[in-house]
Amino acid sequence: MLRGLEGKRLLVPVAVILLVGTTSAMYIAGGYLDALPLLMKPTAQLAFILFAIAFAASSLMRLVPNQYTRFLMRNRRYIGLSFAMVHFTHLVLVLSSITWVAGQERGLGTLVPGAIAYAFLALMTVTSNNAAVRLLGPKRWKWLHKIGSYYLWLVFLVTTLPPDSHNAWSLLLCLAVLGLRIAAYRRGRTGRSTQ
């Protein structure tokens, strides 16, 4: 199936998409600053899609075990790292916009939750390896990644509100992945109680 795109190799197509997309937008717009409006929404959307896949992978595996969900579970770490790569690219674009484009200031109500989200993302990124699991211990590692991923989910949810015709799909995907997590949790509890 997708054997050639396993593990670290998953990062390559995402990096190529970012490079081609950024270069194309800069060429079309005539420069980096003029390309910012063309790049900010697509990078946020791609990051959200990758996040949703990583966030739902274990739930999908528990609910519908098959070759596709096993692929997602085997590669969840690299899907998450792909999300981080895209979302940190988005951060560079946002900071460029705030710094160099007039009228793009953000209030504290946006900056503080965003800074916390990126702090979690940075911690989750640098601990997405076996050495970090050993160093932190599996329980603390799992708590960091669980709290961080739910916080990121909450930030994505808030950014979809109020829904409109341009972001309704994001709200639906946000709610769908939460529904998958709840369904998988309930199935896990039911399985434990019948044993």
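The values are calculated or read from the model by the stated rules, or taken from the named source; none is laboratory data. Worth saying up front: this structure is predicted, and the values here are computed from it rather than measured. So basically every Cβ, Gly included, is an ideal-geometry build from the backbone, and we count neighbours across all protein chains shown. Only protein heavy atoms, including side chains, enter the accessible area calculation; ligands, DNA and RNA are left aside. Shrake-Rupley method; radii C 1.70, N 1.55, O 1.52, S 1.80 Å.
Across the chain, Cα-Cα distances exceeding 32 Å account for 19% of all pairs. Let me check against my output: what whole-number percent is the relative contact order of region 37-133, with C-alpha pairs under 8 Å and at least 6 apart? Value for region 37-133: 31 percent. Working note: 222 nm ellipticity from helices only, DSSP H runs with n ≥ 4, each -39,500 (n - 2.57), summed and divided by the residues of the chain, gives -28000 deg cm²/dmol to the nearest 500. Here region 82-116 is scanned for amide nitrogen atoms under 17 Å from the site 7 Å beyond the Cα of Asn129 along Cα-to-Cβ, giving 82, 84-85. Shape analysis of region 55-128 yields a ratio of the Cα radius of gyration to the Kirkwood radius, Rg/Rh, of 1.14.
Averaging sequence separations of C-alpha pairs under 8 Å and six or more residues apart, then dividing by the length of region 1-78, give the relative contact order as a whole percent.
For region 1-78, the relative contact order is 34 percent.
Put a plus charge on the Cβ of each Lys and Arg, a minus charge on the Cβ of each Asp and Glu, and nothing anywhere else: the dipole of region 95-185 about its Cα centre is then about 580 debye. Largest GNM mean-square fluctuation among Ser97, Ser149, Ser165, using the chain with Cα springs under 10 Å: Ser165. Sort out for me the Cα centre separation of region 103-128 from region 54-92, rounded to whole Å. If we compute the Cα centre of each part, the gap is 20 Å. Its Cα centre serving as origin, the chain has a Cβ charge dipole (Lys and Arg +1, Asp and Glu -1) of approximately 1400 debye. Note on the chain: GNM, Cα springs under 10 Å; of Arg181, Arg106, Arg74, the largest mean-square fluctuation is that of Arg106. For region 162-170, backbone phi angles converted through the Karplus equation (6.51, -1.76, 1.60; θ = phi - 60°) give residue-by-residue couplings of x, x, 9, 5, 8, 10, 4, 4, 5 Hz, Gly and Pro being listed as x.
So if the hydrodynamic radius of region 16-98 is defined as the Kirkwood radius over C-alpha pairs, what does Stokes-Einstein give as its diffusion coefficient at 25 °C and 0.890 mPa s, in µm² per second?
So the translational diffusion coefficient is about 178 µm²/s.
Springs join every pair of Cα atoms under 10 Å in this Gaussian network model of the chain, and among Leu180, Leu171, Leu135 the largest mean-square fluctuation is at Leu135. Here the Kirkwood formula, the inverse mean of 1/r across different C-alpha pairs, assigns region 95-195 a hydrodynamic radius of 16.4 Å.
Taking the Cα-to-Cβ direction at Lys142 and at Val12 and moving 7 Å from each Cα, how far apart do the two end points lie in nm? Rounded to a tenth, the inter-label distance reads 3.4 nm. If you sort Asp34, Asp164 by accessible surface, 1.4 Å probe, largest first, the order is Asp34, Asp164. Taking every C-alpha pair closer than 8 Å and separated by at least 6 residues, the mean separation divided by the residue count of region 64-195 gives a relative contact order of 17 percent.
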